[in-house]
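Participant: Submitted below is the structure of interest, expressed as structure tokens.
The values are calculated or read from the model by the stated rules, or taken from the named source; none is laboratory data. A quick note: this is a predicted structure, and the numbers were derived from the prediction, not measured. Methodologically, a virtual Cβ is constructed for each residue, glycine included, from the backbone with ideal geometry; neighbour enumeration extends over all protein chains shown. Heavy atoms of the whole protein, side chains included, go into the accessibility calculation; ligands, DNA and RNA do not. Shrake-Rupley method; radii C 1.70, N 1.55, O 1.52, S 1.80 Å.
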Amino acid sequence: SGKSLFIPSSNTYAPGGNVSVGGNFTNNGTYTKATETLTLTGTGTQTLKTSSSQLYALTINGSGGTYTPSDATTVSNNLTITAGTLSMAGNAFTVTGTTSISGTISTATSATGTKTFTGAVTVASGGTFNMSNQNPVVALGAGLTQSSSNLANLGSGADTLVGNLAGAGTGGIT
């Protein structure tokens, strides 16, 4: 795929600008966010490990690639899935800003940990938002706009929705 970023324990990485990683993002130390975008471009199976360090903005843009968070992850601004997959498993995942999906967000089998999207979630044409294996809660704080022909599945947990369900996508919402 590409180069990985590894932050050893007892070390701090404070990027001075945007960061692009084509392999694994492994933080065993401290990642100090500012206002940068972390762009993950791997085209294989990759890991995203934050060790409780917040990310400012996160973009997944690796056609055919899959990133799986290995611990609780917080994105304090926007999440953009341009190409590839963000596969959520047994950890909490929080996005404070907006979420824009042209690629895929999905949950692994028997995914746990609350998934919280505080800002608006937009599923663009061809995008996939699939929480079908998610239990417990998927919380949508500002609604979901579904413009895809793929079904948007909110999972089997007790979902929390503030805002509207909208869009002209033929895939529908379940």
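Participant: Please report the orientation-averaged projected area of region 8-87, defined via the convex hull of its C-alpha atoms, in nm².
Facilitator: 4.5 nm²
Participant: Quick check of the Kirkwood formula: for the chain, what is the inverse mean of 1/r over all pairs of different Cα atoms, in Å?
Facilitator: 15.9 Å
Participant: Looking only at region 155-174, which residues have a backbone nitrogen under 20 Å from a spot 7 Å from the Cα of residue 114 in the C-beta direction?
Facilitator: Flagged as within label range: 155-164.
Participant: Over the Cα atoms of region 95-174, each weighted equally, I'd like the Debye log10 I(q)/I(0) at q = 0.19, 0.20 Å⁻¹, rounded to two decimals.
Facilitator: -0.71, -0.80
Participant: Evaluate the relative contact order of the chain (contact order divided by residue number), counting alpha-carbon pairs under 8 angstrom at least 6 apart; express in whole percent. All intermediate terms of the calculation are to be shown ahead of the outcome.
Facilitator: On the way: 619 pairs, mean separation 21.3, N = 174.
It rounds to 12 percent for the chain.
Participant: Can you give the FRET efficiency to the nearest 0.05 for residue 18 and residue 45, using r as the Cβ-Cβ distance and R₀ = 25 Å?
Facilitator: With R0 = 25 Å, the Cβ-Cβ based efficiency is 0.60.
Participant: Then there's this: Step by step: find N for region 31-127, compute 2.2 N^0.38 Å, then divide the Cα radius of gyration by it. What's the final number? Don't jump to the answer; show the numbers that get you there.
Facilitator: Values: Rg = 12.1 Å, N = 97, 2.2 N^0.38 = 12.5 Å.
Compared with the compact-globule rule of thumb, region 31-127 sits at 0.96.
Participant: So how do 96, 73 rank on accessible area, 1.4 Å probe, biggest first, that is with the largest at the start?
Facilitator: The most accessible residue leads, giving 96, 73.
Participant: For the chain, what does the accessible surface come to per residue with a 1.4 Å probe? Please give it in Å².
Facilitator: That works out to 41 Å² for each residue.
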